[in-house]
Structures are given as C-alpha cells and as structure tokens.
Amino acid sequence: MDQKLQVAGTQSQLEMGSLAASGSSHEFEDESLFSPESVIQKMQLGHISDYGSAPGGFQPGGSKMGKNVVYKSIKTVVFSNKLNLLIAFGPLTILVHILTGHNGLVFLLSLLGIIPLAERLGYATEQLAMYTGPTVGGLLNATFGNATELIIAIYALRNGMIRVVQLSLLGSILSNMLLVLGCAFFCGGLVFYRKEQVFNKASAIVNSGLLLMAVMGLLFPAVLHFTHTEVHYGKSELALSRFSSCIMLGVYAAYLFFQLKSRKDPYIPLSEDESQNRENEGENDETPEIGKWESVIWLLIMTAWISVLSEYLVDAIEGTSHAWNIPIAFIGVILLPIVGNAAEHAGAIMFAMKDKLDISLGVAIGSSTQISMFGIPFCVVVGWIMGKPMDLNFQLFETATLFITVIVVAFFLQEGSSNYFKGLMLILCYVIVAASFFVHEDPPPAEKSLTP
C-alpha cells in the first residue's frame, strides 16, 4: 500500500512538472512569437510541408507532392494557352518525314509546330527573369528573345545554306518593323479611334539610330562587292564583314549596358517618371507562375525541341521551293519569320489595344534592333568559327529593301504618336515587300577565291 502511494505521488509530481514545463514553454513561445528565429523556423516548416520532406530527411508524402509540383508545372506551361494545340504538329512532322518524306508537308508541319514552342520559350524566359533581377533578366531576354531565329539560322549555316540564313534574318527584321508594328498601330488605333496614341519618341529614335547603323554595316560590303573595288577579290569583303560584325556586337553590348544600368526609362523627365511609377505601381507586382528551376528546365526542353524541328525545317526548304514553285527568297524573307514572330505579333497587338504603346514599340522595334545588331553579327562570327564564308553582303536588292524600310519607319516614329492609318500604311508596305520577294529570283552565288 505504501509503495502504491509512493508511485502515485511520483506520478503526480511528474505531471505537475510537465505542466509547469509546458506553461513555461508557452510563455517562451509568446515572448518569442515575433522574433526572427521563430519566423525562420515557420518558413522552414512551411517549406517542408509544401514539398513533403526536410532537406536531410524523407517523408512518405514527398513523392506525392513532387508529382503534384510536376503536374502543376505542366498544366501551367503546356495547357494554359490555346496556341499550344499546335505542339502536336511537332511529332507529326517527324512521322510524316519517316513515312512519306514529302518536303512541302514536312516544312509546313514543322513551321506550325515551332510557333507555340517559340511563344513558350519567351514565356519561360520571362518567368526566369522575375527571379534574377533586372540586370540578368535583361540579358536573358536579349539572349533568348530571338532564340528561334538564331537556332534556325545556325542549323542552316551548318548545312552551308548561307543565303537562307541571310534571308531569314532580314525577313525577321522586315516583319517586325512593318507587319508587327503596323498591326499594333492599326489595332490600337481602331480601339482608341477617338484619340491619337502616344509613345516615348526619344527611345524610338535611339533604336532607329541603331537600325541605321546596322544598315551601314550591311551596305558597305555589298557596295564594295558590286563596285569591284576590293583590294583582294572575295577576301576583303569577308574580312570587312567580320570586322564590322565585331564592332556591331560591341555597340550592342554597350547599348545593353546603357539600358540596364540607367534608369528604367532615361528619356522621361523626372516628374513624368514619378507619375508613371505611381500609375504603374500595381502593375509591377507580378509574381512568377512557375519556380526558378522549373523555368530553367522548360527553357532547356523548349530549346532542344525547337532545335530538332529546325533541322527538319531547314532540310525541307529547297524541296519545298521546288514542290510549291515559289522562290527560296520568299520562303526565307516571308514564311520563316512567321515562326519566330508569331508570339511577338500577338503580344504587340495586345499591348497596343491596352494603350501600352511603348511596350508594343519595344517588342517590334526592340526585336528588330536585336536581330540587326546582335543576330546577324553573331551568325557571321559563328560562321567564322565553323569555317563558313558568312558575310554581311546581303545583295543589293535585299540591302536596298532594308534601307528603305528603316527610313520609312523612322519617319513614322519621329512624331511620337500613332493612329490606325499609320498602321494600315505599314501593313501595305509589308504587302509590297512580300510581293517583291515573290517575283525576285535570287542570283546564283558567285565563285570567290577565299580562305575562311
């Protein structure tokens, strides 16, 4: 009996001690409720609950949560856009190539299959840029902004199709400056037909200056070739092209540094900049829809898939020209740019219809600047490394077309305003350019005695 009483007393003392300990722990929790250590612990616990396990341990729900993350990522990237229905044309391209080998059909299917991949590549780049900050994000957009055009160009360059490279990059510039910008002006002008839309004139003038510099870089090798004034025939033209390409890449790097290290818009006066920041304060609070490493993985997947389809696309160009009886110049300048510019085209129109014309201008003119000052010189340098005689001589007809286009667009941008009539004129200018290349026969390549 005495032993039972002793045991009971011991248990009661233990219970009282545990209650006291729990009471003190609650007091400690109350005191440290808003301490930094408690906040960090709660964040770590939330992270563990989201992903199912701690970094050093394993919980049964981890694999299930991982599957949920993968499912959510696929749903966000693949099934959130109706344009992604065209992704099915990618596998169909490979199947048709294996079964029939019909070049025209393979070209058409690969063209349709690359369009949604180019749009999703831009989406993944924007998502990753939200995690990296403005500087690295700007460099990412500069690198992947026209990745589709560059991938197609590099595959064509590897196959020795230098004219296809030149024509596709030229066509992308013309498409952005005339068709994309024209449709943005036209649609925005129809929505806001009672007023004249305005944009930042000073920034547009800077881009116009860069485009004129690119025209100068393309013009001199062509003039040097067609006036037969080279010191060493075939070699001086190539050497000048490579030298000019290095200069253009340096200028574009300086332009990126100027853009990223300056204020967001260095041409707007301070009072206007502050009012614009107050108006757009809510719009800049965008949150990423997918994680950082998810964005990296999707970038790799999209780039690899575009590379596969680009190979089929490039291989089918010559056969398509014969099967459809249309010039290669028309395919390169008009049809191929549809692939890379489809997403930009839709985005520029959407922003113009929301009266955000500066963004539309950045999409259209900014992309043209990027291709002319980065894409074309980059391909010349890559050709130099590959041992391919890629130069800046785009022939007189193509160079004259680009020069006139830049002059026309510069005149349209000098007032800093737009309306639907200006947009209609730019679209009709593009129709004239398309018709010109439809009846233009590319001259046969001249034999050049050169050593790369």
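The values are calculated or read from the model by the stated rules, or taken from the named source; none is laboratory data. Not measured: the values here are computed from a predicted model. No Cβ is skipped: glycine too gets one built from the backbone with ideal geometry, and neighbour counts run over all protein chains shown. Each accessible area value is taken on the protein alone, full model and side chains, heavy atoms only, with ligands, DNA and RNA left out. Shrake-Rupley method; radii C 1.70, N 1.55, O 1.52, S 1.80 Å.
Being modelled with pLDDT of 90 or more, in contact with a Pro (Cβ under 6 Å, 6 or more places away or on another chain), under 24 Å from L299 (Cβ atoms) and not hydrophobic (A, V, I, L, M, F, W, C): is that true of S168 here?
Here the answer is no, as S168 does not meet what is asked.
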Response to the item:
Taking segment 191-200 and keeping residues open to solvent by 40 Å² or more (accessible area, probe 1.4 Å), in a loop (DSSP other than H, G, I, E, B) and either closer than 15 Å to E415 by Cα or free of Cβ contacts under 8 Å to residues at least 24 places away in the same chain (or both) leaves R194, K195, E196
Practice prompt. Would you mind finding the one in I114, I173 that is within 17 Å of the chain's Cα centre (by Cα) and at pLDDT below 90?
Written response: I114
Worksheet item: Mind checking whether some residue in segment 202-224 is without any contact (Cβ under 8 Å) to a residue 24 or more places away in the chain and either among the hydroxyl-bearing types (S, T, Y) or not in a helix (DSSP H, G or I) (or both)?
Response: no
Fill in: Which numbered condition S203 fails, given (1) closer than 21 Å to I407 by Cβ; (2) open to solvent by 20 Å² or more (accessible area, probe 1.4 Å); (3) modelled with pLDDT of 90 or more
(3)
Worksheet item: Can you name every residue in segment 412-445 that is more than 27 Å from F330 (Cα to Cα) and not in a helix (DSSP H, G or I)?
Response: Q414, E415, G416, S417, S418, N419
Discussion item. Checking the conditions here, which among L396, L428 is open to solvent by 70 Å² or more (accessible area, probe 1.4 Å) and modelled with pLDDT of 95 or more?
Written reply: L428
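Quick check, is V409 in a helix (DSSP H, G or I) and surrounded by fewer than 18 Cβ atoms within 10 Å (Cβ to Cβ)?
no
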Item to complete: Give the residue, chosen from L260, L309, L270, that is modelled with pLDDT of 85 or more and either surrounded by 16 or more Cβ atoms within 10 Å (Cβ to Cβ) or not acidic (D, E) (or both).
Response: L309
Discussion item. Just to be sure before I move on: is E230 assigned to a helix (DSSP H, G or I) and not basic (K, R) in the structure I sent?
Written reply: no
Worksheet item: What is the number of the single condition among (1) touching a strand residue (DSSP E or B) at 6+ places or on another chain (Cβ under 6 Å); (2) open to solvent by less than 30 Å² (accessible area, probe 1.4 Å) that P116 does not meet?
Response: (1)
Worksheet item: Does segment 354-371 contain any residue that is open to solvent by 40 Å² or more (accessible area, probe 1.4 Å) and over 24 Å from the mean Cα position of the chain (by Cα)?
Response: no
Worksheet item: Among P337, P377, P389, which is the only one that is buried (at least 18 other Cβ atoms within 10 Å of the Cβ) and in contact with a Cys (Cβ under 8 Å, 6 or more places away or on another chain)?
Response: P377
Worksheet item: Hey, among the residues in segment 153-174 that are in contact with a Ser or Thr (Cβ under 9 Å, 6 or more places away or on another chain) and open to solvent by less than 10 Å² (accessible area, probe 1.4 Å), which one's nearest to T369 (Cα to Cα)?
Response: I173
